[in-house]
1. Can you tell me which of Ala151, Ala172 is surrounded by 13 or more Cβ atoms within 10 Å (Cβ to Cβ), more than 13 Å from ligand 1 (Cβ to nearest atom) and part of a strand (DSSP E or B)?
2. Please verify whether Val206 is buried (at least 16 other Cβ atoms within 10 Å of the Cβ) and under 26 Å from the mean Cα position of the chain (by Cα), treating the condition exactly as stated.
3. Can you tell me which residues in region 17-31 are within 25 Å of Ser205 (Cβ to Cβ) and away from ligand 2 (no atom under 15 Å from the Cβ)?
4. I need the full set of residues from region 117-146 which are β-branched (Val, Ile, Thr), in a helix (DSSP H, G or I) and either closer than 15 Å to Asn167 by Cβ or free of Cβ contacts under 8 Å to residues at least 12 places away in the same chain (or both), in order please.
5. Which of the residues spanning region 15-35 are at pLDDT 95 or above and closer than 18 Å to Asp52 by Cβ?
6. So, in region 1-18, of the ones that are free of Cβ contacts under 8 Å to residues at least 40 places away in the same chain and surrounded by fewer than 16 Cβ atoms within 10 Å (Cβ to Cβ), which residue ends up nearest to the chain's Cα centre (by Cα)?
7. Please go through (1) touching a helix residue (DSSP H, G or I) at 6+ places or on another chain (Cβ under 8 Å); (2) in contact (Cβ under 8 Å) with a residue 60 or more places away in the chain; (3) β-branched (Val, Ile, Thr) for Thr174 and return the number of the only condition it doesn't satisfy.
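The values are calculated or read from the model by the stated rules, or taken from the named source; none is laboratory data. The shown structure was predicted, so the numbers you read here are calculated from the model rather than taken from an experiment. Quick reminder, even Gly has a Cβ in these numbers, built from the backbone with ideal geometry, and neighbours come from all protein chains shown.
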Amino acid sequence: MKLKLAIQKSGRLHDDSIRLLKECGIDISNGVNKLKAEATNFPIEVYFLRDDDIPQYVEDAVADIGFVGENVVYEKRKKVTVVEKLGFGKCRLSMAVRRGEEYMDASFLNGKKIATSYPVIVENFLKEKNITAEIHEISGSVEIAPGIGLADAICDLVSSGSTLFMNGLKEAETILQSQAVLIRNNQLEDAKTQLLNRLLFRIQSVKKAKNNKYILLNAPNDKLAEIIALLPGMKSPTVLPLADPGWSSVHSVLNENEFWDIIEQLKAAGAQGILVVPIEKMIV
Ligand code: ATP
Ligand code: ZN
């Protein structure tokens, strides 16, 4: 029995999808030029597909699970379940208008023409805001639509905004924050659900490790209590005596979000020789 995973054949999500599998200890043997590849060390079979087709294949159980952008999942409205955010492929779906235009809020769009490759998401957005606008679906190069008089606004994926800028447009409002997610078929048999749970456990360990750093520091013993109080750690920090009798070595784990704040406080409290080390996997 093998778990069938669909990932993007080529494009923005491909490399990160392969990398995540690798970090989960799953190596894909044959090249990506084929339609599918098998892992040698985990019962998984990887299918390489266009990202737009992945939700359909997962709904139809051609693939059991898939890695795909949330933007595609919401646009395609297939009967699949989003199981886990994967932390890569981050982008936003935004409304953009000509640079000279004054866009105060979405009411700007009333009676306007909007070009997009995401008609479903845009329609939901307009409905929610009680706005009537005309949606023009185009499949690519959406950003040129205002310039050629096809639309007054566009709704497209943005990361840096440089494409918008080059086309005389400005980002007006974000309507969806997106990243790659793991989706699953809604009727997975038990044996496959178990395989999925094993894969999820690995993915979560990799994600946690990325968000955390291992920290080692030297603390004068009279400041030890104060320093330990600053460290959250997995349980409590490890404290080891140093050869110098007045000092101890303290080891702990810090979350990326609070990292710099805590480092500053540790220094202020008298910690020295602070070392910060990446963590490869984190099993909690
Ligand atoms: P395919 O041939 O598989 O259909 P594509 O041209 O539709 O590829 P890509 O441009 O490779 O797709 O983007 C795939 C996904 O990557 C997007 O659906 C989105 O979730 C994500 N993504 C991340 N950053 C960006 C960005 N700056 N622009 C577009 N997509 C992005
Ligand atoms: Zn696509």
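1. Ala172
2. Numbers: buried (at least 16 other Cβ atoms within 10 Å of the Cβ): yes; under 26 Å from the mean Cα position of the chain (by Cα): yes.
The answer is yes for Val206.
3. Listed by number, the residues that qualify are Ile18, Arg19, Leu20, Leu21, Lys22, Glu23, Cys24, Gly25, Ile26, Asp27, Ile28, Ser29.
4. First pass over region 117-146, keeping only residues β-branched (Val, Ile, Thr): 120-122, 131-132, 135, 138, 142, 144.
Next cut, in a helix (DSSP H, G or I) only: 120-122, 142, 144.
Those that are β-branched (Val, Ile, Thr), in a helix (DSSP H, G or I) and either closer than 15 Å to Asn167 by Cβ or free of Cβ contacts under 8 Å to residues at least 12 places away in the same chain (or both): Val142, Ile144.
5. Scanning region 15-35 gives Asp16, Ser17.
6. The residue in question is Asp15.
7. Exception for Thr174: condition (1).
Yes or no, residue by residue, for (1) closer than 18 Å to Lys192 by Cα; (2) within 16 Å of ligand 2 (Cβ to nearest atom); (3) not β-branched (Val, Ile, Thr); (4) not assigned by TED's automatic domain parsing to the domain that holds Lys127:
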| position | (1), (2), (3), (4) |
| --- | --- |
| Arg12 | no, yes, yes, yes |
| Glu38 | yes, no, yes, yes |
| Pro43 | yes, no, yes, yes |
| Arg50 | no, yes, yes, yes |
| Tyr57 | yes, yes, yes, yes |
| Glu70 | no, yes, yes, yes |
| Tyr74 | no, yes, yes, yes |
| Glu84 | yes, no, yes, yes |
| Gly100 | no, no, yes, no |
